[in-house]
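Participant: Got a structure here, written out as structure tokens. Questions coming.
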Amino acid sequence: MPTSVAAYAAQDASSPLVPLTIPRRDPGPTDVQIDILYCGVCHSDLHTARNEWGMTVYPVVPGHEILGRVTAVGAAVTKFAVGDTAAVGCLVDSCRECASCKAGLEQYCDVGGFVFTYGAPDAHLPGQMTHGGYSTSVTVTEDFVLRVASSLDPAAAAPLLCAGITTYSPLRQWGAGPGKKVGIVGLGGLGHMGVKFAHAMGAETVLFTTSASKVADGLRLGASAVVISKDAEARQQHAGSFDLIINTVSVSHDLDAFTNLLKRDGTMVLVGAPAEPHPSPNVMNLIFRRRAIAGSLIGGLPETQEMLDFCAEHNITCDIELIKMQDINDAYERMLKSDVKYRFVIDMNSLK
Ligand code: NAP
Ligand code: ZN
Ligand code: ZN
């Protein structure tokens, strides 16, 4: 018999999130049951709640930056024990058979077998969709549960599970490090982690922001320069100089302003996922310096663990504002105004 737990859900694209009771499966042999302590608020939660990507199934319980305490484990579980700190990100399962899954790149599962933490058909509860971390408890197969060092503040570590890995992964893939110049576009949840990671990896890091009020924070977080992205003259001072740009902006915008700043063979990686397409980029900008525009999706399980271990080693967490579950609708409105410093995290005690 599934257990009923408290949650917050969007019931349609235009209404505020409201309380909802949802079923959670009892732990099977390989499952870990987690009492959720904290859950970060990702802009993807908002895109999904409002059906901005056109694929939401309602009701949806968002939340994929989950950190909590293990309350029960199945008989075959070997990696977790009751009382452990445990974390869950954007994935709760995958096909586990294809080349991508076998390579630990479950987010790119070749047969589309990834199971997102919320909004995917739930194989364990027929007729139900998976439900995310805006709830008091979750049950996940142990291979998709991550470890977070006890030295890290748990509330500030929660957003590492999406904002952290989504910026860490492309920085690693495209070789951010000493001798490389990396641009981060947008100082929100993802962007502020991009700045911290690029700096910690040893790259020269430059922040592009539309918010003049964030300049001092950009420097504090590790950027050696901050450029107001709408200032064409300030941008032009960096023309042709970047090896890599990670673009986290959540709305459609002119990409040429940034491709122009790449060196020969430089790449701009889009991680922001706006509802509306970007205007088509200027091809000449790309052709003449063999520049590339790429995309990147979260990270696989092994790399997510690597990122969490990197954070423990370098004492990196997120800059957060703790909120109550009941404040989620206000938090969404503030996120739309770029007024987050730099991630909202829900204290799940407020729902218990
Ligand atoms: P966020 O906290 O809201 O940050 C987005 C930032 O974009 C804002 O803080 C702002 O930075 C900038 N921005 C907002 N409106 C802008 C505008 N009109 N023009 C220029 N810049 C603007 O969002 P997030 O949680 O970091 O997520 C960012 C995007 O990444 C979302 O689309 C989300 O769905 C996506 N995402 C993708 C993945 C993936 O795997 N690829 C994973 C997670 C999230 P400034 O104030 O500094 O300009
Ligand atoms: Zn996310
Ligand atoms: Zn697969």
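Participant: From the residues in the stretch 307-352 that are among the acidic types (Asp, Glu) and either in contact (Cβ under 8 Å) with a residue 24 or more places away in the chain or assigned to a strand (DSSP E or B) (or both), which one is farthest from CYS39 (Cα to Cα)?
Facilitator: ASP309
Participant: Keeping to the stretch 90-105, report how many residues are in contact with a helix residue (DSSP H, G or I) (Cβ under 6 Å, 6 or more places away or on another chain) and within 16 Å of ligand 2 (Cβ to nearest atom).
Facilitator: Adding up the residues that qualify gives 2.
Participant: If we scan the stretch 45-59, do we find a residue that is more than 16 Å from ligand 3 (Cβ to nearest atom) and under 16 Å from ASP143 (Cα atoms)?
Facilitator: No, there is no match, as no residue in the stretch 45-59 is more than 16 Å from ligand 3 (Cβ to nearest atom) and under 16 Å from ASP143 (Cα atoms).
Participant: Return a yes/no flag: does the stretch 95-109 have any residue that is away from ligand 3 (no atom under 16 Å from the Cβ), crowded, with 22+ Cβ neighbours inside 10 Å and farther than 20 Å from TYR8 by Cβ.
Facilitator: no
Participant: Now for a different question. Does the stretch 1-28 hold any residues that are within 25 Å of VAL77 (Cα to Cα) and without any contact (Cβ under 8 Å) to a residue 60 or more places away in the chain, and which are they?
Facilitator: Once the filter is applied, which keeps residues that are within 25 Å of VAL77 (Cα to Cα) and without any contact (Cβ under 8 Å) to a residue 60 or more places away in the chain, the stretch 1-28 yields MET1, SER4.
Okay, residues lined up against (1) within 16 Å of ligand 2 (Cβ to nearest atom); (2) modelled with pLDDT of 95 or more:
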residue	(1), (2)
VAL41	yes, yes
GLY63	yes, yes
VAL70	no, yes
GLY74	no, yes
ALA81	no, yes
THR85	no, yes
GLY112	no, no
ALA120	yes, yes
GLY132	yes, yes
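Participant: Could you tell me which of the residues ALA103, ALA87, ALA99 is without any contact (Cβ under 8 Å) to a residue 60 or more places away in the chain and of a type in the set (A, V, I, L, M, F, W, C)?
Facilitator: Values: ALA103 fails: without any contact (Cβ under 8 Å) to a residue 60 or more places away in the chain; ALA87 fails: without any contact (Cβ under 8 Å) to a residue 60 or more places away in the chain.
Answer to the check: ALA99.
Participant: Hand me the list of strands (runs of 3 or more DSSP E) wholly inside the stretch 47-129 holding 2 or more residues that are closer than 19 Å to SER169 by Cα and under 19 Å from the mean Cα position of the chain (by Cα).
Facilitator: Correct list: 85-88, 91-93.
Participant: Shifting gears a bit: Take GLY54 and decide whether it is away from ligand 2 (no atom under 16 Å from the Cβ), surrounded by fewer than 17 Cβ atoms within 10 Å (Cβ to Cβ) and on the phi > 0 side of the Ramachandran plot.
Facilitator: Yes: the conditions hold for GLY54.
Participant: Looking at VAL115, VAL92, which is the one that is within 18 Å of PRO27 (Cα to Cα), away from ligand 1 (no atom under 15 Å from the Cβ), without any contact (Cβ under 8 Å) to a residue 40 or more places away in the chain and crowded, with 17+ Cβ neighbours inside 10 Å? Please lay out each step first, then the result.
Facilitator: Numbers: VAL92 fails: without any contact (Cβ under 8 Å) to a residue 40 or more places away in the chain.
The match here is VAL115.
Participant: Further question on the same structure: Please go through the stretch 130-151 and pick out each residue that is assigned to a strand (DSSP E or B) and not β-branched (Val, Ile, Thr).
Facilitator: The answer is SER135, SER137, LEU146.
Participant: Which one of these does ALA75 not meet: (1) touching a residue at least 24 places away in the same chain (Cβ under 8 Å); (2) surrounded by fewer than 24 Cβ atoms within 10 Å (Cβ to Cβ); (3) within 16 Å of ligand 3 (Cβ to nearest atom); (4) not β-branched (Val, Ile, Thr)?
Facilitator: Here ALA75 meets the rest and fails (3).
Participant: Would you mind finding the one in TYR342, TYR332 that is over 26 Å from PHE114 (Cα atoms), buried (at least 17 other Cβ atoms within 10 Å of the Cβ), modelled with pLDDT of 95 or more and touching an Asp or Glu at 6+ places or on another chain (Cβ under 7 Å)?
Facilitator: After applying the criteria, what remains is TYR342.
Participant: Report, by residue number, each residue of the stretch 112-169 that is within 16 Å of ligand 3 (Cβ to nearest atom), aliphatic (A, V, I, L, M) and farther than 23 Å from VAL77 by Cα.
Facilitator: ALA120
Participant: I would also like to ask the following. Residues of the stretch 136-145 being more than 16 Å from ligand 2 (Cβ to nearest atom) and buried (at least 18 other Cβ atoms within 10 Å of the Cβ), which ones?
Facilitator: The answer is THR136, SER137, THR139, VAL140, THR141, GLU142, VAL145.
Participant: Which residues, counting only those in the stretch 148-161, are of a type outside the set (A, V, I, L, M) and touching a Leu at 6+ places or on another chain (Cβ under 8 Å)?
Facilitator: Across the stretch 148-161, the qualifying residue is only PRO154.
Participant: Of everything in the stretch 304-330, what is over 18 Å from the mean Cα position of the chain (by Cα), charged (D, E, K, R) and under 24 Å from HIS47 (Cα atoms)? Give them in sequence order.
Facilitator: LYS324, ASP327, ASP330
The values are calculated or read from the model by the stated rules, or taken from the named source; none is laboratory data. Keep in mind it's a predicted model, so treat the numbers as computed, not measured. Here the Cβ is made from the backbone with ideal geometry for all residues, glycine too, and neighbour counts use every protein chain on show.
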